[in-house]
Structure formats: structure tokens, C-alpha cells
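Before any comments, here is the structure.
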Amino acid sequence: HRLVADFVRTWAVHDEPVPERVVAAAGRTLSGLRRGVPELPDVLGPTSDDAIRRVSLLNGGAAAAYSGRNGHAQRWVRAASAVVPDHPASDVYAVALEALLDAWQGRLRAAHEQGARAMAMASQSGLATHPEALLAQLALATVAREHDRLDEAAGFLEGAVVLLERGAPCALLGVHAAETALVALAAGEADTGLDALQGHRSRGAAPPPGVAARLCAAEATVLAATGDLTGA
């Protein structure tokens with residue numbers, strides 16, 4: 001029961017302002033599985049050994065990314081991809097999270113391929129409006145912006161915000177706000193970008209460190225473009 005409680009705890013990854021707590025819970029879960037458990041309690045269905053291992057790795061990887069440790073996150077996501085797929089939602093999650101990590105680390109071709117694949121998988125599985133698809137949309141928005149396809153980037157962001165407003169996980173709202181600001185700046189609308197950042201700040205959410213850094217970097221970039229070098 002303790003192992004499954006830690007597993008369930010990892011699902012707070014997108015709402016947790018201190019992502020190391022999720023990393024720790026995922027680590028305890030994986031350690032427990034390695035030691036062996038005679039019989040896992042059935043909690044909402046997905047509590048087989050492989051299901052717990054895979055999703056714990058994915059949630060731990062996302063938490064590491066939100067901490068700003070992208071290399072650590074990539075290793076966990078790749079380990080998750082080596083576990084036999086068992087559920088369409090975790091399949092989409094694995095590919096979409098890898099796409100976002102690729103986009104954040106400048107591997108744009110890989111990010112585009114993985115993001116498009118995740119969106120196709122989500123559509124085929126009836127998961128196009130599932131939260132896991134958000135990661136792919138944000139990855140594809142970043143790729144489109146970097147390639148100066150600003151209308152395409154804005155389209156991905158508009159699709160993502162509909163899902164974000166339903167559940168409002170603080171980490172992804174911050175990622176969305178930072179990307180929205182950079183797209184607006186690329187379109188020559190720096191003030192709109194600053195409004196997006198201010199709107200996110202007014203929510204009072206406490207983003208995790210890696211997301212807070214992305215927000216600060218986006219704001220510095222937009223302020224510099226407006227000539228506010230002191231603010232930048």
C-alpha cells in the first residue's frame with residue numbers, strides 16, 4: 001500500500017511547485033518494485049508492475065524537467081520507453097514528454113517528429129483532448145516558433161490553452177505563458193508578450209524552478225526587445 005501511495009503521489013507532478021518531492025516519490029516507488037512486492041493492491045486499475053514502473057519513470061522525468069534537470073529527465077523518459085507499452089495514455093505521454101524535452105534542448109527535428117507522432121497516437125486512441133497531448137502541443141509550438149512559422153505556433157498554443165484552462169496545472173501554464181510571450185515577440189508584438197507573462201503572474205501560481213527560469217528568460221528577452229535593459 002505504501003508503494004502504491006507513492007505511485008499515486010507522482011501524479012501531482014504538474015501541480016507540484018517543489019518537483020523534487022515527486023522525484024523522491026518516484027524513486028521510492030521504483031526501489032520498492034526492485035525489492036519485489038508479493039501482491040499490489042488494485043487502485044483504479046493501472047497498478048501492474050509494468051504500469052507502475054513506466055508511469056513512475058515518466059512522472060519522475062517530468063518532475064526532473066520542471067526542476068531544470070533536462071538530462072536527468074531524458075534518462076528517465078528513455079528508461080520508461082523501454083518498458084513494454086500497456087496503456088494508450090502512457091504511450092502518448094512517453095512520446096509527448098520526449099518531444100518537449102527535445103524542443104527545450106534545441107533538438108528541433110526530433111521534437112517535431114515525436115510531437116507529431118504523439119498527436120497522431122492521441123487522435124487514434126481518442127485522447128486528443130487528454131492532458132498528455134498538451135506536452136506535444138507545447139513542443140510543436142516551440143518548434144514552429146523557432147522555424148518562424150508563427151501562425152502555426154499560435155495555433156498549437158490556442159489548442160493547448162483550452163485544455164490547460166480545464167485543469168490548470170501550474171507548471172504547464174507557466175510553460176505556455178513563456179512560449180506565448182516569445183511567439184508574440186517574434187510577431188513584433190512585445191507588449192502582448194508582456195501581457196501574457198503578467199497575466200500568468202496574476203494567477204498567483206508558484207511555478208517549479210525550471211519553469212520559473214523559463215518565464216524569467218522569456219521576460220528578459222521581451223524587455224530587452226522593448227529597450228528596457230534595466231528590467232531585462
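Every read-out reported here was derived from the displayed coordinates using simple, explicitly stated rules and does not represent laboratory data. Treat the numbers as computed from the prediction; the structure is a model and nothing was measured. Cβ: placed from backbone, ideal geometry, glycine included. Neighbour counts: every protein chain shown.
Below 8 Å, C-alpha to C-alpha, sequence gap of six or more: please give me the relative contact order for the chain in percent.
Working: 356 pairs, mean separation 37.7, N = 232.
Relative contact order of the chain: 16 percent.
Helix-only estimate, please: 222 nm mean residue ellipticity of the chain, summing -39500 (n - 2.57) across DSSP H runs of length 4 or more and dividing by its residues, to the nearest 500.
Values: 11 runs with 168 residues, N = 232.
Rounded to the nearest 500, it is -24000 deg cm²/dmol.
Please check: in the Gaussian network model of the chain (C-alpha springs, under 10 Å), which one of Leu101, Leu172, Leu33 has the largest mean-square fluctuation.
Leu33
Just to be sure I understand, if you calculate Rg/Rh (Cα atoms, Kirkwood Rh) for this structure, which of (i) 1.04; (ii) 1.00; (iii) 0.97 do you get?
(ii)
Hey, in the GNM for the chain with a 10 angstrom Cα cutoff, which one of Val175, Val37, Val23 fluctuates hardest?
Looking only at Val175, Val37, Val23, the largest GNM fluctuation is found for Val37.
Return P(r) of the range 135-197 (all Cα-Cα pairs; 10 Å bins starting at 0; whole %; ordered from short to long distances).
Taking all Cα pairs of the range 135-197, the binned fractions are 25, 58, 17, 0 percent.
So, with +1 on the Cβ of K and R and -1 on the Cβ of D and E, and no other charges, what is the size of the charge dipole of the chain about its Cα centre, to the nearest 20 debye? Display every interim value, and only then the final one.
Working: 20 positive and 26 negative charges, 184 e Å.
Its charge dipole is roughly 880 debye.
Can you give the local net charge around Ser31? Use residues other than it whose beta-carbon is closer than 13 angstrom to its beta-carbon, Lys and Arg +1, Asp and Glu -1.
Details: positive: Arg2, Arg28, Arg34, Arg35, Arg53; negative: Asp6.
Here the count lands on +4.
What is the local net charge at Glu165, summed over the other residues whose Cβ is closer than 15 Å to its Cβ (Lys, Arg +1; Asp, Glu -1)?
0
Which net charge results for the neighbourhood of His176, defined as the other residues with beta-carbon distances under 11 angstrom from its beta-carbon, given Lys and Arg at +1 and Asp and Glu at -1? Intermediate results must be reported in sequence, preceding the final value.
On the way: positive: Arg214; negative: Glu158, Glu165, Glu179.
Charge balance in the 11 Å sphere: -2.
With a Cα-only, solvent-free Debye model of the range 118-232, what are the log10 I(q)/I(0) values at q = 0.12, 0.23, 0.24 Å⁻¹?
The computed values of log10 I(q)/I(0) come out as -0.41, -1.32, -1.40.
Please give the helix 150-167 orientation as an angle from the longest Cα principal axis of the chain, in degrees from 0 to 90, rounded to the nearest 10.
50 degrees
Would you mind telling me which residue in Gly174, Gly188, Gly27 has the biggest mean-square fluctuation in a Gaussian network model of the chain, where springs connect alpha carbons within a distance under 10 angstrom?
Gly188
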